[in-house]
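Here's the structure, in structure tokens; my notes come after.
We did not get these values from a lab; they are worked out from the coordinates using the rules stated. These numbers were taken from a predicted model, which means no experiment stands behind them. For neighbour counting, all protein chains shown are included, and Cβ atoms are generated from backbone atoms with ideal geometry for every residue, glycine included.
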Amino acid sequence: MDTRQRRNQSKKLNDKEGTLNASQSTMATPVSTASASAVASMVTPLTNEVVSPPLQSTEQSPGIDKSTTGSTKREKFEESVMKSLQTIIDGQLKLRNDMEAFKTDITKSVEYQGLEIKDLQDKTKMIDEDITGVKTKVDNACDRIFQHRKHISDVFYEVNRVERSTRRNNIRIIGYPEHPGENIIAIVDDILISKFGFVQGNVEIERAHRDGKPYRGKGTPRPRHILINLLRFRDKVIILQSWRQALKGESFRVAEDLTKIDLEEKQRWSQDVQELYKRGVKLRFTGGMWRDRQGKLAPFYQRSPEPGGEVGLDESESLFDTKYK
């Protein structure tokens, strides 16, 4: 190898050593991750190149300025670092703008939700007012219904009282056998004379007939009641007081002609009447109520409501209990 070739190799080696020294001095300062990457990209190709051992030469390479070459590479490195920093700053600015936009969206959403909540509150207030109005109307309607029911109770009481007065002189013969073509007046006269001891002509019968429609079903028919209207109330009292003894051993009996309401009232307390009878307390049903011999109301009426409280009674209580008192 001649002298010129050795000089060229020595020059290349010196240039590479200068580049390595400049890179290492620059990387000694703290830089960001981007700067380190840039330095590595510059160092890697240098370290991978196979370099021949330097040749000893006593001659200086002419025409090479080492300070100018190092300054150029440093400028390029600084430019790369500045670009990386600018990229980071731009990313932070974009993130800040995104956060500001998100904050704006959240603020608008909160404001919208606030308006929605206020609208719901207004609607709830309106509904409460409507409910209050409906409740007032319902209360007024209940008051009117109460008054109407009370009026109906008064009307039923008066109707029942009038009907009871029309039945004042009536009695019923229950269970007397029924035959086609029978003479009811003759049958009643015979019973009153033969069983109750009335003298012919002393008791006068206004009307007498079978009550209800004839039985047309299968099996043994149940005889219809014989409804009797007497001329005098006194005769009715005598018959009702003595029928148990007079008709002893007979298959039929005598009963007072009650209105439907009075009959239901009488039957409703039948068990209580029997219990009191076993204890020696005798009651009679008159004026639509059970009473003792002195005319006082039976003890079981004490739980009945006060007069005027018949509306809204329990189903087991009559609508007319208090009226009859």
Handout entry: Separation in nanometres of the label points that stand 7 Å from Cα toward Cβ, at ILE127 and ILE185
Key = 7.8
Problem - Cα extents of region 123-176 along the three principal axes, largest first (Å) - result: 75, 23, 6
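If you stretched the chain out fully between ARG222 and GLU264, how much longer would it get, using 0.36 nm times the residue separation minus the C-alpha to C-alpha distance? Please list the in-between numbers first.
Values: separation 42, 0.36 × 42 = 15.12 nm, distance 2.11 nm.
Separation in residues times 0.36 nm, less the Cα-Cα distance, equals 13.0 nm.
What pairs from LYS248/LYS278; LYS195/LYS278; LYS137/LYS260; LYS195/LYS260; LYS83/LYS108 go past 26 Å between their alpha carbons? If you can, show how the numbers build up before the last one.
Details: LYS248/LYS278 21 Å; LYS195/LYS278 29 Å; LYS137/LYS260 37 Å; LYS195/LYS260 29 Å; LYS83/LYS108 37 Å.
Long pairs (Cα-Cα over 26 Å): LYS195/LYS278; LYS137/LYS260; LYS195/LYS260; LYS83/LYS108.
Using a simple charge model, +1 on the beta-carbon of Lys and Arg, -1 on the beta-carbon of Asp and Glu, nothing else, what dipole does region 75-184 show about its Cα centre, in debye to the nearest 20?
Values: 19 positive and 21 negative charges, 216 e Å.
Rounded to the nearest 20 debye, it is 1040 debye.
Grab the other residues whose beta carbon is less than 12 angstrom from that of THR132, score K and R as +1, D and E as -1, and report the net.
Values: positive: LYS125, LYS135, LYS137; negative: ASP128, GLU129, ASP130, ASP139.
Residues close to THR132 contribute a combined charge of -1.
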Fill in the blank from the handout: Semi-axes in Å, largest first, for region 60-156 (Cα gyration tensor, √(5λ)) are 93, 7, 4
Practice task
Run the quick spin-label model on GLU163 and VAL138: label points 7 Å from Cα toward the beta carbon, then report their separation in nm to one decimal.
Solution key: 3.5
Practice task
Evaluate the distance, in nm, between pseudo-label points positioned 7 Å from the Cα of ASP272 and of THR87 along their respective Cα→Cβ axes.
Solution key: 10.3
Completion exercise
Against the 2.2 N^0.38 Å rule of thumb, the C-alpha Rg of region 143-296 sits at a ratio of 1.22
Exercise for the section: Sorted from largest down, give the three principal axis spans of the alpha carbons of region 92-203, whole angstrom values. Expected result: 130, 30, 21
Fill in the blank from the handout: Projected convex hull area of region 113-153, Cα atoms, direction-averaged, in nm², equals 2.5
Exercise for the section: Return the whole-Å distance between the Cα centroid of region 221-236 and the Cα centroid of region 68-123. Expected result: 109
Handout entry: Sum of side-chain charges, SER80 neighbourhood, beta-carbon under 13 Å (Lys, Arg +1; Asp, Glu -1)
Key = +1
